[in-house]
Amino acid sequence: MLIEFIEKFEKLAYGALIVMLMAVLVFALVDLAVTVSVAVITPPVGIILNSELISLLGVFLLVLIGIELLDTIRAYFRENTIHVEIVVLLAIIAIARKVILLEPATTNGMELLGIGVVIIGLAASYYLIKKAGIEFGERRPGSP
């Protein structure tokens, strides 16, 4: 009885997360469209400056992260499994966004070293997951 209530509550919570994430993605897409439009129509017209381009890539990758996160939540909602490959890919996109938005003038060597270690770890994880070809996931009792 309590287990069923918890499972229903989880489904409701995941459903609410999906709806809210979709709303956030709509706003992020509108923001991206406005940012691109403003960048293109401000003088010099039709040319996107370097600083604007980096900002646009940051917003673009943020939208991509949101879409991947939505995919992860949707997969868990449907199958009650966490797809590790998608989560690692999401982390790779997030660290790529961090690297793209990085200000070299204000970044110290230890931060760069840490980012490098994270990138190597995520790349190795993704490689091993793909090479293994195993379906990873958390199976719950009673799920197919």
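Bear in mind these aren't lab numbers, they're just calculated from the coordinates by the rules spelled out. Keep in mind that what you see is a predicted model, and the values were worked out from it rather than measured. Note: ideal-geometry Cβ built from the backbone for every residue, glycine included; neighbour counts use all protein chains shown.
Using Cα-Cα distances under 8 Å and only pairs 6 or more residues apart, what relative contact order does the chain have, in percent?
This gives 24 percent for the chain.
If each residue of separation counts as 0.36 nm, what is the full-extension length gain between LEU112 and VAL26 once their alpha-carbon separation is subtracted?
Numbers: separation 86, 0.36 × 86 = 30.96 nm, distance 3.29 nm.
Residue separation times 0.36 nm, minus the Cα-Cα distance, leaves 27.7 nm.
For VAL88, VAL63, VAL26, VAL45, what ranking results if the residue with the fewest other Cβ atoms within 10 Å of its Cβ goes first?
The fewest-first ordering by Cβ neighbours comes to VAL45, VAL26, VAL63, VAL88.
Return LYS98, LYS11 ranked ascending by Cβ neighbour count within 10 Å, so the fewest neighbours appear first.
LYS11, LYS98
R0 = 25 Å: FRET efficiency of VAL40 with LYS98, Cβ-based, nearest 0.05?
0.45
In deg cm²/dmol, rounded to 500, what helix-only [θ] at 222 nm does the chain give when every DSSP H run of at least 4 residues adds -39500 (n - 2.57) and the total is split over its residues?
-27500 deg cm²/dmol
Exposed loop GluC sites (Glu not before Pro) only (DSSP loop, at most 13 other Cβ atoms within 10 Å): please give the longest stretch of the chain free of them, not including the sites.
After excluding every exposed loop site, the longest remaining stretch is 1-134.
Rank the residues LEU70, LEU128, LEU2 as a footprinting-exposure proxy: fewest other Cβ atoms within 10 Å of their Cβ go first.
Final ranking by Cβ density, sparse to dense: LEU2, LEU128, LEU70.
Which distance in Å, rounded to a whole number, links the C-alpha centroids of region 1-74 and region 90-106?
With region 1-74 and region 90-106 each reduced to a Cα centre, they are spaced 17 Å.
Rg/Rh for the chain to two decimals, with Rh computed the Kirkwood way over all alpha-carbon pairs.
On the way: Rg = 19.5 Å, Rh = 18.1 Å.
Computed over Cα atoms, the ratio is 1.08.
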